[in-house]
Amino acid sequence: MEKWTQGWLAYRPVKEAGNAQLAGSMKLTGFDREHPIVQNAVSEFCRGIKGMLGISTVLACSGEPGKGVSVERRQEIPAEGYHIQETGGVVNLYASDEAGILYGIFHILRLIAMEEALAGIDAACRPDNPLRMYDHWDNLDGSIERGYSGNSFFFQDNKILVNERTRDYCRLAASVGINGVVINNVNVKEAATWLITERYLGQLGKMAELFAGYGIRLFLSLNFAAPIELGGPDSADPFDGKVTDWWRQKIAQVYEAVPELGGFLVKADSEGRPGPFTYGRTQADGANMLADLVRPYGGIILWRCFVYNCTQDWRDTKTDRARAAYDNFIGTDGDYRDNVILQIKNGPMDFQIREPVSPLFGALQKTNQMLEVQIAQEYTGHQIDVCYLVPMFKEALDFNTCAGCPSRNTCTGDAACCDKRSTVADVVSGRTMHNRNAGLCAVCNTGSDENWTGNDLAGANFYGFGRLAYDTGLTAAEIAEEWIRLALSNDREVVDTVRRILLTSRETYEKYTSPLGIGWMVTPMLHYGPSVDGYEYSRWGTYHRADWQGIGVDRTKQGTGYAQQYANPNASLYDCAETCPEELLLFFHHLPYQYRLRSGKTIIQHIYDSHFEGVEEVEEMIACWKKLAGKVEERTFENVSERFARQLENAREWRDQVNTCFYRKCGIPDEKGRQIY
Ligand code: GCW
């Protein structure tokens, strides 16, 4: 069996900080010690205490006195929440359900690992978001679409794997509060279509049971045309009785074998995937058909909004891919069953290093919504380049959609009238609509590599997404610091250095790649490395529209009109170049190279400067990292050093190709006379 690390659950020996006394034993009241989640919580506690403090603990019989951790049921604690309170030398952990205990135990272990005293602790925690999911794009042959850290550990040679690594995956996921996992790629083809058949149901049942022991519900991506492909009726029309009968039986069969199944994720009518549009039905018609059938089993349907025309003619400047999600879904607002959730990518395009927030959030007022982000670094460096994405996710969550605001059409942005419940965080937590079917999911960045994530530092995204989904109030810096201390070291120099690297990494990546929100410019299909015009004359709708005079996409009223999909004041802010946030300027406006930014620099000079700076920043990161030799584990040191060498090469290539390409387009030299080819 291959080896793999324990990530942030390394449980290395630590300074005990007075915790040894307090963590000496564990006592349970009001919970069944045979419950799988309780069992897992107890064994995790024992394992952690042994590794970190060298103490062999036992689960004492309920009611026994003495120091230790006392676990008790308290009905008033919210679902999946917990309260940890130290009194008289006993660490009391209260929860109303088993998942709360598990999360509380991981919290206690986290504090011990960070050498923080449990004495005096009084922490009440509850999840900010009902659903907190990792979505894997794993294929049954073991490959991973947009995977940058080896092969799948869920599938191999068209078989499902359930083994010790699956358990360690669950431990990592549960330790950061993940409660749902989609194991297979949203592009459901070939063998994956058969996941819902006898061929796989036995193994799926085992996997779902293992997951359930960690408070995680298993979900599957579904092929909307499964009836046709699996030998059922020759149609997938959601209004055809033969089709619904087929699905009814199918879903009954699946739930019979996999009773813990959370439901299904569907990518319909997108990038060649079949869907209800084929039959003249709406997205809601398709989603509702499945939702009605999974309802008796408590299942939910996650329906993706990534629906756009991927066979665009680049000559056509009116069609705008950015508009597509809104245009395709806004008309169906309110048409969905309450066990359907629309899963919306954070931006209107596709996981670029900088995008505005999707205007669908909040604009949908009567439909469950979920935020989809990507920690697999498809467009952000393939887990070769370091790019800590939690700051980007926070930005999206903090965005005020201003939806539902009574003065949205006249609002100037400085009015105190702003509805307090209209940020993306409010919408996807369910606070806006008072719904439980809401949350966050991330396209996951893991694979069979020894360190799970290719680059060790990409572990910060794997960890950080979960922590943020559970506790949206945490800052990106706090999450980074936790991860460093758990996964790397408590050493101050390590913590400070790596935190700085992580927190600046997104801006650095942005600087040496695509400027001012323009996006793309990547090598087609691969999506790593520069190719300025690579997608410019393609069918994918991802253009920068640069010529010899200017660059950017006109998405104003005069252009594609995309900016008007937002509520005011966002719509008017974006519509005008003077008020548009500068980091998004070229996303919304086509402007001459000589246009002056607020810094006084022209756009072309900004392009040159930022590209030189980006490379310099990578060089600085590398110099800082080198100083950590001997202070972090050697395997980690070597892994990150090797990745940094490749990142530097990549950054130089980006700098030189982007600068040269734009210099050749516009003929305007760099004011500082640096080398441009
Ligand atoms: O970003 C694009 C990717 C595809 C992916 C698609 C999606 C799974 O390039 O590989 O397909 O998004 O999100 O469905």
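The values are calculated or read from the model by the stated rules, or taken from the named source; none is laboratory data. All values derive from a computational prediction rather than experimental measurement. Neighbour counts are summed over all protein chains in view; Cβ atoms, including those assigned to glycine, are modelled from backbone coordinates with ideal geometry. Accessible surface areas use protein heavy atoms only, side chains included; no ligands, DNA or RNA. Shrake-Rupley method; radii C 1.70, N 1.55, O 1.52, S 1.80 Å.
Can you list the aspartates and glutamates whose alpha carbon sits under 18 Å from that of K3, skipping same-chain ones fewer than 8 residues off?
Once the sequence-local aspartates and glutamates are set aside, what remains near K3 is E164, D168, D449, E450, D456, E633, E634, E638.
Using +1 at the C-beta of Lys and Arg and -1 at the C-beta of Asp and Glu, which of A458, A10, G347 has the Cα lying farthest in the positive direction of the dipole of the chain?
Sorting the options by dipole projection puts first G347.
Quick one: length gained pulling T278 to A645 fully straight, 0.36 nm per residue minus the C-alpha distance?
Length gained, T278 through A645: 127.3 nm.
Could you derive backbone 3J(HN,Hα) for region 564-581 from the dihedral phi with the Karplus parameters 6.51, -1.76 and 1.60 (θ = phi - 60°), listing whole Hz in sequence and x where the residue is Gly or Pro?
Per-residue couplings from phi come out as 6, 6, 8, 7, 6, x, 4, 4, 6, 4, 6, 5, 10, 4, 5, 9, 5, x Hz.
Gain in length, R248 to Q594, computed as 0.36 nm per residue apart minus the alpha-carbon separation, to one decimal in nm?
118.4 nm is the gain from fully extending R248 to Q594.
Net charge within 11 Å of V69 by Cβ-Cβ distance, Lys/Arg positive one each and Asp/Glu negative one each, not counting V69 itself?
Net local charge, V69 excluded: 0.
Calculate the spin-label point distance for N435 paired with R500, positioning each point 7 Å from the Cα along the beta-carbon direction, and give it in nanometres.
Placing both labels 7 Å beyond Cα along the Cβ direction yields 4.6 nm.
Please compute the net charge surrounding T29, taking Lys and Arg as +1 and Asp and Glu as -1 over other residues with Cβ under 9 Å from its Cβ.
Working: positive: K27, R73; negative: E72.
Net local charge, T29 excluded: +1.
Net charge near W247, counting Lys/Arg +1 and Asp/Glu -1 over other residues with Cβ under 15 Å of its Cβ?
Result for the local shell: -2.
So how do 529-541, 437-449 stack up, highest first, on mean other-Cβ count within 10 Å?
437-449, 529-541
Round to the nearest 0.05 the FRET efficiency obtained for S43 and E582 when R0 = 60 Å and r is the Cβ-Cβ distance. Before the final figure, lay out the partial values.
Working: r = 52 Å, r/R0 = 0.87.
Step by step, r from the Cβ atoms, then E = 0.70.
Among bridges DSSP assigns within the chain, what percent are antiparallel (round to 5)?
Close to 30 percent.
What is the percent carbon and sulfur in the accessible area of the chain, measuring with a 1.4 Å probe over the protein chains and ignoring ligands?
Roughly 49 percent, rounded to a whole number.
Below 17 Å, Cα to Cα, which aspartates and glutamates can K601 reach? Residues fewer than 8 away in the same chain don't count.
Partners within reach: E578, E582, E583, D609, E613, D670, E671.
Ranking request for peptides 339-345, 572-578, 314-320, 40-46: highest mean number of other beta-carbon atoms within 10 Å first, then the rest in descending order.
Numbers: 339-345: 24.7, 572-578: 17.0, 314-320: 13.0, 40-46: 21.9.
Descending mean neighbour count gives 339-345, 40-46, 572-578, 314-320.
What is the calculated FRET efficiency for S531 to A119, with r their C-beta to C-beta distance and R₀ = 51 Å, to the nearest 0.05?
Efficiency, from the Cβ-Cβ distance: 0.35.
When the chain is fully extended, how far beyond the present Cα-Cα distance does S235 get from R664, taking 0.36 nm per residue of separation?
149.1 nm
Rounded to the nearest 20 Debye, what is the dipole magnitude of region 605-660 about its Cα centre when Lys and Arg each give +1 and Asp and Glu each give -1 at the C-beta? If you can, show how the numbers build up before the last one.
Numbers: 8 positive and 13 negative charges, 44 e Å.
That gives a dipole near 220 debye.
For region 309-319, take each phi angle, set θ = phi - 60°, evaluate the Karplus expression 6.51 cos²θ - 1.76 cosθ + 1.60, and give the result in whole Hz per residue in order, putting x for glycine and proline.
These are the phi-based 3J(HN,Hα) values: 7, 9, 10, 6, 8, 4, 6, 7, 9, 8, 5 Hz.
Would you kindly derive the ³J(HN,Hα) couplings of region 360-374 from the backbone phi angles with the Karplus curve 6.51 cos²θ - 1.76 cosθ + 1.60 (θ = phi - 60°), listing them in order in whole Hz, with x for Gly and Pro?
5, 4, x, 4, 6, 10, 10, 9, 5, 9, 9, 8, 10, 10, 10
Sum up the lysine pairs in region 131-478 that clear both bars: alpha-carbon distance under 27 Å and a spacing of 8 or more or different chains.
25
What is the packing order of peptides 91-102, 154-165, taking the mean over residues of other C-beta atoms within 10 Å and listing the highest first?
The packing order, highest mean first, is 91-102, 154-165.
So, in nm, how far is label K189 from label R74 when the simple model puts each one 7 Å beyond its Cα toward the Cβ?
Placing both labels 7 Å along Cα→Cβ, they lie 5.3 nm apart.
Based on Cβ point charges of +1 for Lys and Arg and -1 for Asp and Glu, what charge dipole magnitude is obtained for the chain about its Cα centre, in debye rounded to the nearest 20?
Dipole size: approximately 380 debye.
Would you work out which of H35, I112, G100 lies farthest towards the positive end of the dipole of region 7-125, given +1 charges on the beta-carbon of Lys and Arg and -1 on that of Asp and Glu, about the Cα centre?
So the residue furthest toward the plus end is I112.
Roll a 1.4 Å probe over the protein chains and send me the accessible area per residue for the chain in Å². Display every interim value, and only then the final one.
On the way: 24570 Å² over 677 residues.
Normalised by residue count, the accessible surface of the chain is 36 Å².
Starting from the 7 Å offset along Cα-to-Cβ, what nm value, one decimal, do you get for the label separation of E164 and E450?
It works out to 1.6 nm between the two label points.
Towards the positive end of the charge dipole of the chain, with charges on Cβ (+1 Lys, Arg; -1 Asp, Glu), say which of I49, T602, L59 has the farthest Cα.
L59
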